[in-house]
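Here's the structure we're looking at; comments come further down.
The values are calculated or read from the model by the stated rules, or taken from the named source; none is laboratory data. For clarity, every value in this text was computed on a predicted model and none was experimentally measured. Counting neighbours? That spans all protein chains shown, and the Cβs are built from the backbone with ideal geometry, glycine included.
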Amino acid sequence: MTDRPDPAAQGPDNSIAMSIQGITEGTLPEGQTGEPLVIQTSRGDIPVIVHRAEEAKLGVVWVCGARGGFGGPGPGTYMRLAEQFAGQGITSLRLDYRDPNNLPECVLDLMAGVAFFKGQDYEPVVVVGHSFGGAVVIAGGAVNSHVKGVVCLSSQTYGSEAVGQLSPRPLLLVHGKSDTRLSFSCSQQIYGRALEPKQLVLYDGAEHRLEECRDDLEQLLSDWIPATLAAPVTIE
């Protein structure tokens, strides 16, 4: 696979952008699997971990919460599913933020991840975000035609105002009903503002990291994401 990065990533308000200057080898954090890379941009370096599927043209971008990193919910859900998908012909890119908890900058990071795939002639991708990352993938997905589906896990409401612009891209919202950090009412509010197609899944007894429902969550995502990627493209 040849890395041919897209020359630019555009922010959700079209007023900020960054150019993608190259891709270099990175350092794999302890306990992680995959291929560590760095997307070099005009606004700084973005660490990513790629789980490559041979001759793949289907992709997923995974982002975490306000603290950034590669952990995500579960814990370990992102890494496990990325490894699983690689065997199913789907390449995953797990992305760390340059400036965690800075929504406009994190959306640009997501767009750079999408551009990573677009620059290699991948089909439109699914983007997945946990907590703060839910707002990131909504804001980015609403303005990028190379996003085919959006998954929000334990999402916050701040930054999700553009959710009505996602349609006809499908939206999946997942939340634990025992979440003490961000109430499941956050996902209910986002769902109420979203247009079809949309789906809301609530898990009894699950906290913010969704560890209590990990098996059910991973089964849900292992069905929803490949089905969404395989569906006919309806975005112009």
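Of the listed requirements (1) more than 18 Å from Gly141 (Cα to Cα); (2) at pLDDT below 95; (3) out of contact with any Gly (no Cβ under 9 Å at 6 or more places or on another chain); (4) assigned to a loop (DSSP other than H, G, I, E, B), Arg67 misses just one: (2). All told, Ser92 falls short of being without any contact (Cβ under 8 Å) to a residue 24 or more places away in the chain, of a type in the set (S, T, N, Q) and either assigned to a loop (DSSP other than H, G, I, E, B) or within 23 Å of Arg209 (Cβ to Cβ) (or both).
The set of residues in the stretch 34-52 that are among the acidic types (Asp, Glu) and assigned to a loop (DSSP other than H, G, I, E, B) is empty. Among the residues making up the stretch 31-78, a single one is among the basic types (Lys, Arg) and touching a Leu at 6+ places or on another chain (Cβ under 9 Å): Arg43. Restricting the search to the stretch 25-43, which residues are exposed (fewer than 15 other Cβ atoms within 10 Å of the Cβ) and either in contact with a Ser or Thr (Cβ under 9 Å, 6 or more places away or on another chain) or farther than 20 Å from Gly72 by Cα (or both)? Of everything in the stretch 25-43, those that are exposed (fewer than 15 other Cβ atoms within 10 Å of the Cβ) and either in contact with a Ser or Thr (Cβ under 9 Å, 6 or more places away or on another chain) or farther than 20 Å from Gly72 by Cα (or both) turn out to be Glu25, Ser42.
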